[in-house]
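Before any comments, here is the structure.
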Amino acid sequence: MIDVLLVGAEELENLSTRYLAAVLRQHGYSVELAAFSTADEMDAVVQQAKSAQPRLVGLSIIFQYRAPEFLTLADELRRVLPQAHITTGGHFATFAASDLLRDYAALDSVVRGEGELTLLELVQQLDSPETWHTILGLSFRHDGRIVENPPRPLIADLDSLPFPARDTPPQHHLGIGLSPVVGSRGCYRDCSFCSIHSFYGASEGQLQRFRSVPNLVDEMERLFHTFGVRFFIFNDDEWFPPGKAKLARIDALESELARRRLDVIMSIKCRADDVEESLFRRLLDMGIVRDYVGIESGSDHSLHTLNKKTTVAQNRHALEVLNKVGMLADFGLIFFDPESTVEDIRANLDFFHAMAGEGQAPLSFGRMEVYAGTPILDRLQREGRLTGNYLAWNYLIPDPRVEMLFRMMIAAMRHRLYDNDGLGKQCFIAYYELTMYKYLRRGQAEPALIHQLRDIVARVNNHSLTLLEDMLDFTLHENIYDAKLVNDRAAEWASRVNLFDMQTLVELSNWRAQVAQ
């Protein structure tokens with residue numbers, strides 16, 4: 001028997017369960033971690049739970065679209081662990097706490113907001129439910145009603161947290177270890193489609209907080225020497241602090257890495273208006289070789305809907321700078337949003353052609369989804385435009401031609417764009433490998449292989465863009481209410497995608513084999 005079983009996705013982005021485990025272990029509790037990255041792993045998690053017999057199970061729901069799978073898992077765990085306390089947490093659970101406790105009897109509580117200290121107190125008081133009303137950030141049932149305790153203040157000193165638990169070795173590509181790391185929490189911006197600002201803003205404290213640079217590099221150094229990690233992927237919501245603090249933090253990080261002689265490369269996330277040529281040349285010299293930049297749209301109208309407080313001109317400038325200095329630019333586009341027009345679609349297509357048509361980065365695009373806790377959810381609810389429920393909100397785009405374009409894109413390209421084994425995701429993985437190949441095998445990288453991958457990605461990008469243009473032309477000039485016509489064309493596009501993808505995946509696999517030699 002153990003004290004706690006923590007269940008979460010083991011995607012590269014997830015450190016939440018690892019921080020929870022580290023805090024609990026620091027206080028003497030026994031903890032196991034269980035990977036639940038796909039629904040196929042449900043039986044394995046249930047078997048692990050039966051074997052471990054935990055007193056408490058914590059479910060970390062990082063991605064809202066997976067909430068139904070986690071809730072099904074909660075039912076299965078309740079069946080095999082009738083006496084265990086089952087709790088859940090994460091952004092979605094924080095905003096949907098009352099709904100979840102009302103609708104899912106398998107859940108005993110919800111940990112809202114930053115969970116480390118709330119979960120610790122729950123475990124400490126697990127046998128004293130009469131005291132649970134004192135646990136800040138906890139929601140639970142009592143005498144048939146739902147109790148929502150006041151929110152817990154944000155953790156002011158992130159250095160006070162232990163390093164996240166690393167129970168399993170890091171992932172490796174090309175024999176090189178890579179690992180997620182977090183240097184800060186929160187974001188000072190308030191984009192309408194994002195729940196981060198609301199998540200941290202619901203609690204007292206500074207919205208964006210940073211670990212000290214020595215504390216951060218201590219963890220990096222440990223991972224470097226213990227696991228051979230040389231590629232650190234920062235999963236900060238916004239890597240830069242605002243204002244003058246930006247350069248001071250970069251100075252400190254540059255100095256600390258040099259002092260400890262850590263030969264590493266790094267990936268960061270930031271906004272388009274953070275990107276300046278002189279600054280990013282310096283960052284590249286420090287080892288920051290990849291930037292996931294929050295572009296979101298190639299339409300000023302859509303950027304206003306998303307409350308990005310940036311312009312298309314700034315987006316173009318950011319990607320041009322990253323390409324010029326030689327830093328890999330990853331970016332996704334919210335191709336469709338609740339106010340998308342034909343003009344927005346054309347603007348996005350033009351933007352894609354200019355910014356990614358030559359293979360600078362694999363294309364990633366889709367529709368803005370409505371997540372719990374976001375300002376745009378509140379607006380669409382007020383306007384009566386939402387369908388579905390809190391587990392999966394949906395909406396229609398007002399222009400039926402744009403709505404039909406989205407549906408046809410999904411019918412033809414879902415696997416390419418969204419599945420882990422689809423061509424789009426595989427191109428992203430190959431670009432990770434290209435980044436390591438270029439910068440960690442300096443002097444050995446063959447320019448021909450670098451150009452070969454860029455050519456493959458350019459062809460994939462342009463194939464997607466050509467299909468989208470064909471679909472847009474169809475919605476503008478054909479009868480979109482003729483079901484047979486629409487279905488026939490969608491099937492034709494899907495066949496073209498499947499044939500292209502099968503052929504190109506073989507080519508991509510051959511490229512990866514050459515790089516791995």
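Worth pointing out:
- Residue-span extension gain [ARG401 to LYS309] - 0.36 nm each, minus C-alpha spacing: 30.4 nm
- Inter-label distance for ASN323 and ARG281, nm, one decimal - labels placed 7 Å from Cα along Cα-to-Cβ: 1.9
- Computed over neighbours whose Cβ is under 15 Å from that of ILE176, the net charge equals +4, Lys and Arg +1, Asp and Glu -1.
- Computed from the C-beta positions of GLU446 and GLN125, the FRET efficiency with R₀ = 60 Å rounds to 0.50.
- Counted over the chain, the DSSP beta bridges are approximately 30% antiparallel.
- Where HIS415, HIS304 fall by accessible area, highest first, once all protein chains stay in place (1.4 Å): HIS304, HIS415
- Whether segment 118-161 is rounded, prolate or oblate, judged on the alpha carbon gyration tensor where a/c under 1.5 counts as rounded: oblate
- The chain, accessible area per residue, ligands and nucleic acids excluded (1.4 Å, Å²): 42
- Environment charge of ILE135, counting only residues whose C-beta is closer than 15 Å and scoring Lys/Arg +1, Asp/Glu -1: -4
- Computed extension length for ALA245-HIS415: 57.0 nm, one decimal, from 0.36 nm per residue of separation with the Cα-Cα distance subtracted.
- Rg and Dmax of the chain, based on Cα coordinates, read 23.6, 69 Å.
- For segment 65-213, the calculated P(r), taken from all Cα-Cα distances in 10 Å bins from zero up to the bin holding the longest distance, is 10, 32, 35, 20, 3, 0 percent.
- Calculated SAXS-style log₁₀ I(q)/I(0) at q = 0.19, 0.24 Å⁻¹ - segment 232-332, Debye, Cα scatterers: -0.93, -1.38
- Estimated at the nearest 10 Å², the accessible area of SER212 is 50 Å² with a 1.4 Å probe.
- Förster radius 25 Å - calculated FRET efficiency between THR387 and ASN479, Cβ distance, rounded to 0.05: 0.50
- Cα centroid separation - segment 75-121 against segment 294-312, whole Å: 36
- In this entry, segment 1-83 is assigned a mean projected area of 5.1 nm², taken as a quarter of its C-alpha convex hull surface.
- As computed over segment 454-517, the Cα convex hull volume per residue (Å³): 63
- Listed values for segment 282-298 are Karplus-derived 3J(HN,Hα) couplings in whole Hz (6.51 cos²θ - 1.76 cosθ + 1.60, θ = phi - 60°), namely 5, 4, 4, 4, 6, x, 7, 10, 9, 10, 8, 9, x, 6, 6, 7, x, and x replaces Gly and Pro.
- Quick note on segment 410-511: its Rg to Rh ratio, both from C-alpha atoms and Rh being the Kirkwood radius, is 1.11.
- For segment 103-124, backbone nitrogen atoms closer than 17 Å to the point 7 Å from ILE146 Cα along Cα-to-C-beta are found at 103-113.
- Listed residues TYR390, LEU161, PRO54: farthest to the positive end of the dipole of the chain (Cβ charges): LEU161
- Stokes-Einstein D in µm²/s, Kirkwood radius over Cα pairs - segment 5-151 at 10 °C with 1.306 mPa s viscosity: 106
- Here the Karplus curve 6.51 cos²θ - 1.76 cosθ + 1.60, taken at θ = phi - 60°, turns the phi angles of segment 336-342 into couplings of 10, 9, x, 10, 4, 10, 4 Hz, with x standing for Gly and Pro.
- By the Cβ distance rule (another cysteine Cβ under 4.7 Å), the unpaired cysteines of the chain are CYS187, CYS270, CYS427.
- Sparse-neighbour loop sites [GluC sites (Glu not before Pro); segment 189-283; at most 16 other C-beta within 10 Å; DSSP]: GLU204, GLU276
- Taking the protein heavy atoms of the chain in the context of the full set of protein chains, the accessible area attributed to carbon and sulfur is 51 percent at 1.4 Å.
- Rounded to the nearest 20, the size of the Cβ-charge dipole of the chain about its Cα centre is 840 debye, with Lys and Arg at +1 and Asp and Glu at -1.
- FRET efficiency, 1/(1 + (r/R0)^6) with R0 25 Å, evaluated for ARG25 and SER212 via beta carbons: 0.65
- Net charge in the neighbourhood of LEU223 (other residues with Cβ under 14 Å of its Cβ; Lys, Arg +1, Asp, Glu -1) is 0.
- Pair ILE2, THR72: separation of 7 Å Cα→Cβ label points (nm): 2.4
- A simple spin-label model places the labels of SER51 and ASN394 4.0 nm from each other, with each point 7 Å out along Cα-to-Cβ.
- Each peptide in 447-460, 116-129, 54-67 receives the mean, over its residues, of other Cβ atoms within 10 Å, and ordering these scores from highest gives 54-67, 116-129, 447-460.
- The convex hull around the C-alpha trace of segment 175-277, projected and averaged over every direction, spans 7.9 square nanometres.
- On full extension, the segment bounded by SER160 and VAL506 gains 119.7 nm, given 0.36 nm per residue less the C-alpha separation.
The values are calculated or read from the model by the stated rules, or taken from the named source; none is laboratory data. Predicted, not measured: the structure shown is a model, and the values here were computed from it. Glycine also receives a Cβ, built like all others from the backbone with ideal geometry; neighbour counts cover every protein chain displayed. For the accessible areas, the whole protein counts, side chains as well, though only heavy atoms, and no ligand, DNA or RNA atoms are used. Shrake-Rupley method; radii C 1.70, N 1.55, O 1.52, S 1.80 Å.
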